[in-house]
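As structure tokens, the structure follows; a few thoughts come after it.
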Amino acid sequence: MLKRLFSIISASERERESCISSKVCPSKLKYQFKGSLDFNVSDLCCHKLKKDNALKWQEENNKSIVLTGIRAEEGGMRNQGGCTVFDGDKLIKFHPLKVVDEEFEQLFIEKYNIKLCKLYYPPYNFKRTGCKGCPFALDLNNQLEIMKEYLPNEKKQCELIWKPVYTEYRKLDYRLKDNENQISMFDL
């Protein structure tokens, strides 16, 4: 499975150059595309696991646009661009929640008594959920701390799946601050 996962996220030379020159990759991490590491990390994982599947569903169901639930306030790549995405003069994506802030979201949830996934409630209190342990998560360290306390097997999985990335992040003091959280195969 790990080989499959890392083959999904391995970047081609052209994609590496694009990441190096773009604003997507923090300057602290640009060295990783210079060939000195034996693994690559890119947002191709998001494309393969989420975006490509949305496009596939769109085509299979003869839908002309993709609707998403992203909000700019979530940060990262989500705060770029507007509510609509066009290809020429054709609308291809619509993000109706892009302008919704956390306060409005909370009022809406309370007013309509919407029940969310248990991870949003105590004791977990996740602000958002995405792919478990994703190295691109802005609050990765916090997510892993919560998992350590309440979902230890989930944390172990993340540490094993993303070990090369987490090791680099910890070495650079980037998104992961604490080496004591690392596990080995013998901890399982």
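The listed residues are K148, K127, K156, K98, and the only one of them that is surrounded by 16 or more Cβ atoms within 10 Å (Cβ to Cβ), within 29 Å of V85 (Cα to Cα) and among the basic types (K, R) turns out to be K98. Where helices (runs of 4 or more DSSP H) fall wholly inside the range 71-188, the ranges with 1 or more residues that are outside the structural domain of W57 (by TED's automatic domain parsing), over 23 Å from L44 (Cα atoms) and at pLDDT below 95 are 140-150, 163-172. Kindly list, by first and then second residue, each pair from a residue in the range 56-77 that is closer than 21 Å to E103 by Cα to a residue that is assigned to a helix (DSSP H, G or I) and charged (D, E, K, R), limited to pairs with Cβ atoms under 8 Å and residues at least 6 apart or on different chains. Final answer for the pair search is I70/R78; R71/R78; R71/E105; A72/R78; E73/E102.
Condition test on K51, is it under 18 Å from the mean Cα position of the chain (by Cα), surrounded by 11 or more Cβ atoms within 10 Å (Cβ to Cβ) and not assigned by TED's automatic domain parsing to the domain that holds R175? Here the answer is yes, as K51 does meet what is asked.
Among the residues of the range 74-91, is any under 28 Å from E59 (Cβ atoms) and in contact with a Ser or Thr (Cβ under 7 Å, 6 or more places away or on another chain)? Yes, there is a match, as at least one residue in the range 74-91 is under 28 Å from E59 (Cβ atoms) and in contact with a Ser or Thr (Cβ under 7 Å, 6 or more places away or on another chain).
Would you confirm, using the coordinates I've provided, whether F136 is crowded, with 16+ Cβ neighbours inside 10 Å and out of contact with any Lys or Arg (no Cβ under 7 Å at 6 or more places or on another chain)? When the stated conditions are applied, F136 passes them. Taken over the range 159-173, the criterion of being buried (at least 16 other Cβ atoms within 10 Å of the Cβ) and among the acidic types (D, E) is satisfied by E159, E168. For L176, the conditions (1) hydrophobic (A, V, I, L, M, F, W, C); (2) out of contact with any helix residue (DSSP H, G or I) (no Cβ under 6 Å at 6 or more places or on another chain); (3) surrounded by 12 or more Cβ atoms within 10 Å (Cβ to Cβ) all hold with the exception of (2).
The values are calculated or read from the model by the stated rules, or taken from the named source; none is laboratory data. Note that the structure is a prediction, hence the values are computed from the model and not measured. With ideal geometry, Cβ positions are generated from the backbone for all residues, glycine too; neighbour counts draw on all protein chains shown.
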